[in-house]
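Colleague: Once you've had a glance at the structure underneath, I'll fire off some questions.
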Amino acid sequence: MKRNIVLTILASLVLLLSSPAHAVTKQEPAHVVILLDLSGSMAQSVEGEKKIDIAKRSIQSFASILSEDTQVLLRVFGHEGTNRNAGKAVSCSSSEAVYGFGAYEPSTFQQALNVYKPTGWTPLAKALTDTKQDFEDHLAAGKNIVYVVSDGEETCGGSPSQAAKELHEDGIDTIVNIIGFDVDEKEAKSLKSVAKAGGGQYQPAANAEELNRILQQEASAFGR
């Protein structure tokens, strides 16, 4: 009699543990997109060092401490044309994925960072719209986060707040975080509205130390 009771209990446990509620599911890898502003103003200096060099170094360090299974994409914008009116049309149409989606690989990622130099205007709305397409093309599931590093607001007539809203709400579980690097009050207000529309947060960075600290904290907290 006792033996039958034990067998019944064991059978019930097997059924319970094999049910969908207790099934082990594979967690989808996280997807991180870094949008780097290559408008002409990024060639200016902060505390004796070019903003673009500070940004590249901080972004490289950020990517290096993400978890190994994180899929990373680096997209630059404003890197073609010039920051004069004659080169505006070309610059405002420039947005290019130079790395990924893929796992972080140090030398390849660094090469991608160094492909272009800051030169043009700031087509932030286009970069966000193109990022939405990146996620869709990659069939990105799981945790999706966009980090924008920019030293200014949209200068190409687009609506980055609308683009961020569509990226956040249009069937893709994505948030848009923005780091305003050495921006004035007007630019900060504009970038805050973009981050809010994208379901993320805005953080200001006045110098190299602050930018690096913000990105290090974001990378460290990412897997929590």
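The values are calculated or read from the model by the stated rules, or taken from the named source; none is laboratory data. The structure presented is a predicted model; accordingly, all values stated were derived computationally and were not measured. Note that we place each Cβ from the backbone using ideal geometry, even for glycine, and neighbour counts take in every protein chain shown. Remember, those area values only see protein heavy atoms, side chains included, never the ligands or the DNA or RNA. Shrake-Rupley method; radii C 1.70, N 1.55, O 1.52, S 1.80 Å.
Colleague: Looking at region 188-224, which of its residues are in a helix (DSSP H, G or I), touching a Gly at 6+ places or on another chain (Cβ under 7 Å) and surrounded by 19 or more Cβ atoms within 10 Å (Cβ to Cβ)?
Modeller: Answer for region 188-224, where residues must be in a helix (DSSP H, G or I), touching a Gly at 6+ places or on another chain (Cβ under 7 Å) and surrounded by 19 or more Cβ atoms within 10 Å (Cβ to Cβ): just LEU191.
Colleague: Report, ordered by the first and then the second residue, all pairs with beta carbons closer than 8 Å, sequence separation of six or more or different chains, a first member in region 97-121 that is more than 15 Å from ALA55 (Cβ to Cβ), and a second member that is part of a loop (DSSP other than H, G, I, E, B) and among the polar types (S, T, N, Q).
Modeller: Filtered contacts from region 97-121: ALA103/THR70; TYR104/THR70; GLY120/THR82; GLY120/ASN83; GLY120/SER94; TRP121/ASN83; TRP121/THR155.
Colleague: Here's another thing I want to ask about it. Checking the condition buried (at least 17 other Cβ atoms within 10 Å of the Cβ), among the hydroxyl-bearing types (Ser, Thr, Tyr) and in contact with a His (Cβ under 7 Å, 6 or more places away or on another chain), which residue from THR131, THR174, THR155 passes?
Modeller: From the options THR131, THR174, THR155, the qualifying one is THR174.
Colleague: Within region 72-103, how many residues turn out to be over 19 Å from SER41 (Cα atoms), surrounded by 21 or more Cβ atoms within 10 Å (Cβ to Cβ) and of a type outside the set (A, V, I, L, M)?
Modeller: Qualifying residue count for the region: 2.
Colleague: Residue under question is VAL98, and the condition is that it be farther than 25 Å from GLU209 by Cα and touching an Asp or Glu at 6+ places or on another chain (Cβ under 8 Å); does it hold?
Modeller: So VAL98 fails the test.
Colleague: Can you work out which of the residues in region 136-161 that are in a loop (DSSP other than H, G, I, E, B) and of a type in the set (Gly, Ala, Ser) is farthest from VAL72 (Cα to Cα)?
Modeller: So the residue we want is GLY157.
Colleague: Output the number of the condition that ASP182 fails; it satisfies all remaining conditions of (1) at pLDDT 95 or above; (2) within 17 Å of the chain's Cα centre (by Cα); (3) buried (at least 19 other Cβ atoms within 10 Å of the Cβ).
Modeller: The single condition ASP182 does not satisfy is (2).
Colleague: Condition test on ALA163, is it more than 30 Å from GLU209 (Cβ to Cβ), in contact (Cβ under 8 Å) with a residue 12 or more places away in the chain and touching an Asp or Glu at 6+ places or on another chain (Cβ under 6 Å)?
Modeller: no
Colleague: Continuing with the same structure: Would you be able to say whether some residue in region 56-69 is open to solvent by less than 60 Å² (accessible area, probe 1.4 Å), among the basic types (Lys, Arg), modelled with pLDDT of 95 or more and closer than 23 Å to ALA30 by Cα?
Modeller: yes
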